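The values are calculated or read from the model by the stated rules, or taken from the named source; none is laboratory data. Every value quoted in this text rests on a predicted model; they were computed, and no experiment measured them. Cβ placement follows ideal geometry from the backbone for every residue including glycine, while neighbour counts extend to all protein chains displayed.
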Amino acid sequence: MFKLDSSGHDINHLIRTMNRVLYIQKREGGDRVIIGIAAFLHDIYNNGKRDGAFCFTKDSIPKIKEILSNINLDEEQVNEICFCIENHENYNWYSVIYHFYRKLFKLGDNMNTKTAKDIATKRIDFMKNFTEEFLNEWNSKI
């Protein structure tokens, strides 16, 4: 199902997401089964977006219910999983990170005064630290 995905929503993304939420669940609580399955299936809807067409998460619920029908879950568990998936946030992180490199890290080059350059340097360092931390998490290095 995910072999041809090039959007970043491949099987590795699903595994990283599931591992991250199970790490959080272990410390914060919640139903491990519901949280783990919802995290693993949360981007099923993105799998059909290779042609550039937008797909709403809610449109994936029938497919998710079909997948879940093959697992020994009761109706309440299925509904909770579908609720989690339908209500998760969806960001285009590729565009956000690309914007840092394409524009934000270069803002200091456009500053005209020493004070402005100093402020820009401090903010760029902050953004670079954030980006490094984000990419480490994205690549399951933390």
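A few points about this structure:
- Every condition in (1) surrounded by 11 or more Cβ atoms within 10 Å (Cβ to Cβ); (2) at pLDDT 90 or above is met by residue 76 except one, and the failing one is (1).
- Residues in region 89-119 that are hydrophobic (A, V, I, L, M, F, W, C), closer than 29 Å to residue 44 by Cα and either at pLDDT 85 or above or in a loop (DSSP other than H, G, I, E, B) (or both): 100 alone.
- Residue within region 26-47 that is in a helix (DSSP H, G or I), at pLDDT 80 or above, of a type in the set (Phe, Trp, Tyr) and more than 23 Å from residue 72 (Cα to Cα) present: no
- Pairs with Cβ under 9 Å, 6+ apart, first in region 118-142 and free of Cβ contacts under 8 Å to residues at least 60 places away in the same chain and farther than 20 Å from residue 19 by Cβ, second part of a helix (DSSP H, G or I) and of a type in the set (Asp, Glu): 120/109
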